[in-house]
Amino acid sequence: NDAVRVESLYKTYENGVTALDGVSARFASGTFTAVMGPSGSGKSTLLQCAAGLDLPTAGRVFIGGAELTATKDTARTKFRRSRVGFVFQDYNLLPSLTVEQNVLLPLRLAGKRRPANARQILDRLGLGDRTHELPERLSGGQRQRVAVARALVTEPAVVFADEPTGALDLRSAREVLGLLRAVVHEYGRTVVMVTHDPVAAAHADAVLFLADGRLAGSMAHPSADAVAE
Ligand code: ADP
Ligand code: ADP
């Protein structure tokens, strides 16, 4: 039961750089996986291709058993909006929308109605009293919690997070990582997180290592010390 499967992914950018050189991997439902590797090893490219934000040059991506790479542009956007959540390092919240409007945006884009449990989602994430604030009034950690709430609101098969703690102080980073763990272990979601931080990676159930656009290893139940080696 894989939430995400990528098969022989290759990605060569227009400038001739090959960022992915044949990556195959599976991400089981209900697991939290960290993706690590040196700068330039292809981590972001892997996430972008797996999430349908970019297309691989060759290879296939399956989300919840359906092939994302087989869909055309418009259908792919729709597919992505309903089945995939994405959390970015810099939050990517819309500054003119309130916390609640930001969280509900994916549903509006998908043409869905406001869920009856919108309030509970925000409460659960500790944002219940900030719902009508603009993002600029929130701390970095709070903003990232809003971004996590937004990524979850469509109940996607998988949430991809690219350096979600990269801009946060230690305490906020731990809060957001604890939240991602809870999302996986209490709500059965699937999270794939790119990070260069061994402490962040230690919150995951497993780590995949990339080097030069290829899978270079993996580790189950990582500890920060083992990952930092
Ligand atoms: P990482 O996330 O591990 O740092 P990336 O996936 O961002 O790695 O980048 C992998 C390689 O692809 C790097 O050499 C990078 O310079 C290159 N690259 C990334 N994005 C682009 C792009 N849009 N156009 C051209 N080259 C890119
Ligand atoms: P939660 O709030 O979900 O319980 P924690 O912050 O307690 O999350 O961390 C969960 C797991 O992540 C711990 O059991 C431990 O394995 C790992 N972990 C957390 N912080 C660190 C750290 N500083 N160094 C190494 N591993 C850590």
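Tabulated data for the structure shown
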| item | result |
| --- | --- |
| Mean separation of Cα contacts under 8 Å (6+ apart) over length of segment 1-73, as relative contact order % | 39 |
| Stokes-Einstein D (µm²/s) once Rh is taken as the Kirkwood radius of segment 62-142 over alpha-carbon pairs, at 10 °C in 1.306 mPa s | 111 |
| Summed residue charge, Cβ within 12 Å of Asp197's Cβ, Lys/Arg positive, Asp/Glu negative | 0 |
| Helix 170-185 axis, angle to the chain major axis (alpha carbon atoms, nearest 10°) | 80 |
| Solvent-accessible area per residue, Å², over segment 73-168 with all protein chains present [probe radius 1.4 Å] | 49 |
| Nearest 10 degrees, 0 to 90: helix 140-152 Cα axis against the chain principal axis | 80 |
| The chain, relative contact order [Cα under 8 Å, separation at least 6], % | 28 |
| Relative contact order (%) - segment 95-229, alpha-carbon pairs under 8 angstrom, separation at least six | 19 |
| 0 to 90° range, to nearest 10: angle between helix 99-109 axis and the chain longest Cα axis | 60 |
| Residue of Ala118, Ala211, Ala201 that the Gaussian network model of the chain assigns the largest fluctuation, springs spanning Cα pairs under 10 Å | Ala118 |
| Cβ charges +1 (Lys, Arg) and -1 (Asp, Glu), total dipole of segment 2-83, debye | 320 |
| Protein accessible area in segment 42-149, 1.4 Å probe - carbon and sulfur % | 48 |
| Rounded accessible area per residue of segment 1-57, 1.4 Å, Å² | 43 |
| Taking N as its residue count, the alpha carbon Rg of the chain over 2.2 N^0.38 Å | 0.98 |
| The chain: calculated mean residue ellipticity at 222 nm from DSSP helix runs of at least 4, using -39500 (n - 2.57) | -9500 deg cm²/dmol |
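The values are calculated or read from the model by the stated rules, or taken from the named source; none is laboratory data. Since we're looking at a predicted model, the values are computed, not measured. Glycine also receives a Cβ, built like all others from the backbone with ideal geometry; neighbour counts cover every protein chain displayed. These area figures cover heavy atoms from the full protein model, side chains too; ligands, DNA and RNA do not enter into them. Shrake-Rupley method; radii C 1.70, N 1.55, O 1.52, S 1.80 Å.
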